[in-house]
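Q: My questions all concern the structure below.
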Amino acid sequence: MKLLFISFILFTQTAFAYDALVWGGPGACQDGCIEAAVYVTKLAGLDPMIVTPENFDASLFESAKIWVQPGGKSGSASNALGATNRAIIKKFVENGGGYVGFCAGAFLTTPKVGQTSVDGLGIISGKTKVYRKAKTYPSVEKMLTPEGVRYHYWEGGPWFSFTNSQLKNITVKSRYNTTNAINAVETNFGKGRISVSGTHPEAPQWWYDDGHLIDLDGLDNQIAAEMVKWAAKN
């Protein structure tokens with residue numbers, strides 16, 4: 001059913017000027033990550049188009065407000081995009097476009113993907129490292145935010161490491177309660193806005209159900225939608 005849903009979207013996309021681009025190629029997990037990213041993008045009031053290596057074209061960015069990178073495998077996504085397409089996304093953000101990334105999408109923002117030699121987009125300074133204090137995989141993690149405690153779905157996501165100088169240009173949106181490590185941030189790259197999270201605020205209810213997990217304060221889809229709105233200047 002998931003694959004049929006994705007195929008339907010791909011085949012019904014025409015020359016319509018979509019204002020949000022969601023990566024659906026290799027590296028985006030096929031177990032609901034693409035659909036979840038599409039859902040919260042629509043929740044934010046945007047019209048998303050799923051982009052793959054087959055239909056990736058620089059002209060798509062002429063009408064787009066934002067690029068959304070779902071969860072999955074960041075290294076695979078980087079390799080599938082390739083240097084040319086990564087450069088197009090980076091220039092898009094630098095010129096005023098938005099970028100939202102969940103989990104793998106957060107890993108992809110730094111110069112290198114996590115602690116690997118794989119090239120990232122380089123739109124966020126600092127480094128990403130895998131959060132390793134979760135008690136289960138997946139898990140619900142207690143997060144510290146400026147508004148108070150929130151619980152987020154986590155499945156292998158990163159935390160951010162910044163120097164004091166780099167932090168001056170970063171707005172920290174949440175930290176892992178166990179370590180105080182930075183999870184979600186907002187920042188700018190050139191004229192563009194970036195909002196990313198190592199956890200999955202876009203997670204649908206069935207992810208929790210499959211993992212026999214309970215989010216004590218309910219789904220965080222509206223938080224994900226607000227990330228999209230902010231980054232897209234919508």
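Q: Filter the range 72-97 down to the residues that are touching a Gly at 6+ places or on another chain (Cβ under 6 Å) and either modelled with pLDDT under 95 or closer than 22 Å to Ile182 by Cα (or both) and list them by number.
A: Of everything in the range 72-97, those that are touching a Gly at 6+ places or on another chain (Cβ under 6 Å) and either modelled with pLDDT under 95 or closer than 22 Å to Ile182 by Cα (or both) turn out to be Gly72, Lys73.
Q: Any idea how many residues of the range 113-128 are over 20 Å from Pro53 (Cβ atoms) and crowded, with 16+ Cβ neighbours inside 10 Å?
A: Going through the range 113-128 one residue at a time, the tally reaches 7.
Q: Next up: For the range 202-210, does any single residue satisfy the condition of being closer than 22 Å to Gly75 by Cα and part of a loop (DSSP other than H, G, I, E, B)?
A: Yes, the range 202-210 contains at least one residue that is closer than 22 Å to Gly75 by Cα and part of a loop (DSSP other than H, G, I, E, B).
Q: Additional query: Can you find a residue in the range 118-135 that is within 30 Å of Asp215 (Cα to Cα), outside any helix (DSSP H, G or I) and touching a Leu at 6+ places or on another chain (Cβ under 8 Å)?
A: No: zero hits.
Q: Can you tell me which residue is farthest from Trp206 (Cα to Cα) among those in the range 17-61 that are of a type in the set (Ser, Thr, Tyr) and in contact with a helix residue (DSSP H, G or I) (Cβ under 9 Å, 6 or more places away or on another chain)?
A: Ranking the candidates gives Tyr18 first.
Q: Taking the range 45-55 as the search range and keeping residues that are in contact with a Phe, Trp or Tyr (Cβ under 9 Å, 6 or more places away or on another chain) and either among the charged types (D, E, K, R) or not in a strand (DSSP E or B) (or both), which one is nearest to Tyr18 (Cα to Cα)?
A: Among those that are in contact with a Phe, Trp or Tyr (Cβ under 9 Å, 6 or more places away or on another chain) and either among the charged types (D, E, K, R) or not in a strand (DSSP E or B) (or both), it is Asp47.
Q: Restricting to the range 138-184, name every residue that is of a type in the set (Lys, Arg) and either at positive phi or outside any loop (DSSP other than H, G, I, E, B) (or both).
A: If the condition is that a residue be of a type in the set (Lys, Arg) and either at positive phi or outside any loop (DSSP other than H, G, I, E, B) (or both), then Lys142, Arg150, Lys173, Arg175 are the ones that fit.
Q: Give the residues of the range 83-109 that are at positive phi and surrounded by fewer than 24 Cβ atoms within 10 Å (Cβ to Cβ), sorted by residue number.
A: Scanning the range 83-109 gives a single hit, Gly96.
Q: Which residue is surrounded by the most Cβ atoms within 10 Å (Cβ to Cβ), if the candidates are limited to the range 184-229 and must be within 12 Å of Gly98 (Cβ to Cβ) and over 18 Å from the mean Cα position of the chain (by Cα)?
A: Among those that are within 12 Å of Gly98 (Cβ to Cβ) and over 18 Å from the mean Cα position of the chain (by Cα), it is Gly190.
Q: When only residues in the range 58-82 that are assigned to a helix (DSSP H, G or I) and in contact with a strand residue (DSSP E or B) (Cβ under 7 Å, 6 or more places away or on another chain) count, which is surrounded by the most Cβ atoms within 10 Å (Cβ to Cβ)?
A: Per the criteria, the residue is Ala77.
Q: Follow-up. Among all residue pairs at least 6 apart or on different chains, which show Cβ distances below 8 Å where the first residue, located in the range 207-226, is β-branched (Val, Ile, Thr) and the second is part of a helix (DSSP H, G or I)?
A: The qualifying pairs are Ile214/Tyr208.
Q: Separate question: Have a look at Lys127, Lys133 and point out the one that is within 18 Å of the chain's Cα centre (by Cα) and over 25 Å from Phe61 (Cα atoms).
A: Being within 18 Å of the chain's Cα centre (by Cα) and over 25 Å from Phe61 (Cα atoms) holds for just one of Lys127, Lys133, which is Lys127.
Q: Looking only at the range 38-49, filter to residues that are within 14 Å of the chain's Cα centre (by Cα) and aliphatic (A, V, I, L, M); which one of those is surrounded by the fewest Cβ atoms within 10 Å (Cβ to Cβ)?
A: Looking at residues that are within 14 Å of the chain's Cα centre (by Cα) and aliphatic (A, V, I, L, M), I get Val38.
The values are calculated or read from the model by the stated rules, or taken from the named source; none is laboratory data. All figures in this text were calculated on a predicted structure; none of them were measured in a lab. In this analysis, Cβ positions are derived from the backbone assuming ideal geometry, glycine residues included, and neighbour counts consider all displayed protein chains.
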